[in-house]
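Undergrad: Here it is, the structure, as structure tokens.
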Ligand code: PRX
């Protein structure tokens, strides 16, 4: 379908949706955009005053004097956990359910705002009793749980900066993050349970700490999940529940400046090791709350479910902070969408009467496959009438998946918000607003009010609509990345490159605006970053992991190729320190290499295809021909000119994927 044809298919929100929405109708959307254009600082200041509770009100809004190290609301003080917990209780929501937790096996636990506050305070006091204090870093390596959310809130309460590491990362990756943050404590669980299987967490923390470089860590606090035996190191490791039990259930929040780092979250770039994206307290929390209100239109009686893991930014903004800041009720789910069967999401929506559901295209695509093969796990076999709004995040959603989601999950009545944003942006950047924006499958539509997204060419000049280019944001916004932890230079180079005179934030994605509607469609990363099932990975990281298998690998190159289910798949081209293998031997070595990458980074980074060659296709000057590798990975007939290749014969070898 051409873009023009796609765009002609507009889906309008119903009158009822428009009437009840926080941002009601396109006129209201345009009025907000206009307000932001006319008085940028005034617009953001108004939102920050209306949505957040400040201990000391701010008197300055945006400070651009040290660009691109922008500061927002700098002289204001607040506490994120106070904003998410105490003030809801002060507003009479103490007995309201904050979290409905469903474990992998289906057991349900609920906590009210008062209970969550008490738990958070006990955890905060427990951390304090160990000497953890404002400005310290705490790494959290835990699966989806009420404890995970409370641990993050507890850090925020005492002004410690949390850095959550996704439970699927390996000991090596965890070690790297612990070292880079200089964390003084690690909060983990004995195990996590996924798809009926217990998986070690504490064991991996032990392994990570054993790899060295984590000398700042004084304590490991362990949540009991399965109770199966684990190793506890005397003097270092403590059961969190035991330590917390004797602590008071109140804890005065540490009032921090708006720019105080609330968290660090590691994400992949095109070069080097993952970077610790540093977020602020005030600006970040503002956008978390504002987008939850406008994009998700969260209301008092909603049951909100974001299926992301708290190890990713989506889980931070739309589980730990946004919905709680607004006093919402939300689901936290430990398990996986396909256990005990692929109807799990639909059953949970039915059981908990979920009204707002936010998930990733990759999950939708895999559930479509399952539903089409088996009626029992098809959404039509469940009562999904509680749903009123759907969301998508993490990667482009292909129009076919969008239409299926709209019709089969949303009953053709729920708007879909296709939200484009990034770890670095803290919250939604380009997205429909459900009671305003006419939707187009596959397009994230228009910028959130106040976000100055644009498409430019290599020199920073605006490109006309209908013509693709580089996605940038022209003005700083409150929830933007503040720096890369410990590496200001890399921050400037990565996001404010000299190409645009350091003026624009470079998202790292390509995009195109529709000639008629001006709607944005994201065309994918323009750097060496892959997006596999919505997980971001640098090709260089995977190449480094492969070549670290020194007994086998001489050289490796990694590219992405389109994949029907995971969006993109990792394809590795490997030169061994011996002739390229074939047949069963190649299969065995490929498995060995996959396991190695799993150990170095985590299972999510395992290459789907591995191709062996006695060499890699290089130009005569020795540069790897990545464009050619991408064509081979896609299985395309090679039309590129290969006459400059040093060694054209290897193209045949690379034809076979293992
Ligand atoms: O390429 C874009 C893609 O995911 C990248 C950001 O990944 P990460 O920092 O892990 O954050 C994911 C969750 C916010 C972007 O640079 N991306 C994210 N959302 C969309 C998307 N691509 C297209 N459409 C989206 N809605």
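Each value in this text was obtained by applying a stated rule to the coordinates, not by laboratory testing. Note that the structure is a prediction, hence the values are computed from the model and not measured. Note that each Cβ is placed from the backbone with ideal geometry, even for glycine, and that neighbours are counted across all protein chains shown.
Undergrad: Taking R0 as 30 Å, what's the FRET efficiency between residue 197 and residue 245 from their Cβ-Cβ distance, rounded to 0.05?
TA: 0.50
Undergrad: Taking the Cα centre of each part, how many Å lie between the stretch 135-159 and the stretch 60-133?
TA: The stretch 135-159 and the stretch 60-133 have Cα centres separated by 10 Å.
Undergrad: Now, a different point. Taking just the alpha-carbon atoms of the stretch 533-654, what radius of gyration and Dmax come out, in angstrom?
TA: My reading of the Cα-based Rg and Dmax gives 13.9, 39 Å.
Undergrad: Taking square-rooted eigenvalues a ≥ b ≥ c of the alpha carbon gyration tensor, is the chain rounded, prolate or oblate, where a/c under 1.5 means rounded and, failing that, a/b exceeding b/c means prolate? Show your work: numbers first, answer last.
TA: Working: a/c = 1.41, a/b = 1.16, b/c = 1.21.
It comes out rounded by the Cα gyration axes.
Undergrad: Okay, next question. Expressed in nm to one decimal, what extension gain is obtained for the pair residue 488 and residue 301 from 0.36 nm per residue of sequence separation less their Cα-Cα distance?
TA: 63.0 nm
Undergrad: Could you rank the peptides 379-389, 268-278 by their average count of other C-beta atoms within 10 Å per residue, with the highest value first? Don't skip to the answer; put the middle values down first.
TA: Details: 379-389: 17.8, 268-278: 20.6.
Highest to lowest by the protection proxy: 268-278, 379-389.
Undergrad: Hey, fewest Cβ within 10 Å first, where do 620, 536 land in order? Don't skip to the end; give the middle numbers.
TA: Details: 620 8, 536 21.
The most exposed by this proxy come first: 620, 536.
Undergrad: Take each of the peptides 282-289, 120-127, average the number of other beta-carbon atoms within 10 Å over its residues, and list them starting from the highest.
TA: 282-289, 120-127
Undergrad: Given R₀ = 51 Å, what would the calculated FRET efficiency be for residue 60 paired with residue 386, taking r from the Cβ atoms and rounding to 0.05?
TA: Numbers: r = 44 Å, r/R0 = 0.86.
Using R0 = 51 Å, I get an efficiency of 0.70.
Undergrad: So, one more: Between the stretch 448-470 and the stretch 571-634, how many Å separate their Cα centres?
TA: 36 Å
Undergrad: Rounded to whole Å, give me the distance from the Cα center of the stretch 374-440 to that of the stretch 192-262.
TA: Using only Cα atoms, the two centres lie 35 Å from each other.
Undergrad: Do the sum for the chain: with -39,500 (n - 2.57) for every DSSP H run of n ≥ 4, divided by all residues, what is the mean residue ellipticity at 222 nm, to the nearest 500 deg cm²/dmol? Present the calculation step by step, with values, prior to reporting the outcome.
TA: Details: 19 runs with 185 residues, N = 658.
Value at 222 nm, helices only, nearest 500: -8000 deg cm²/dmol.
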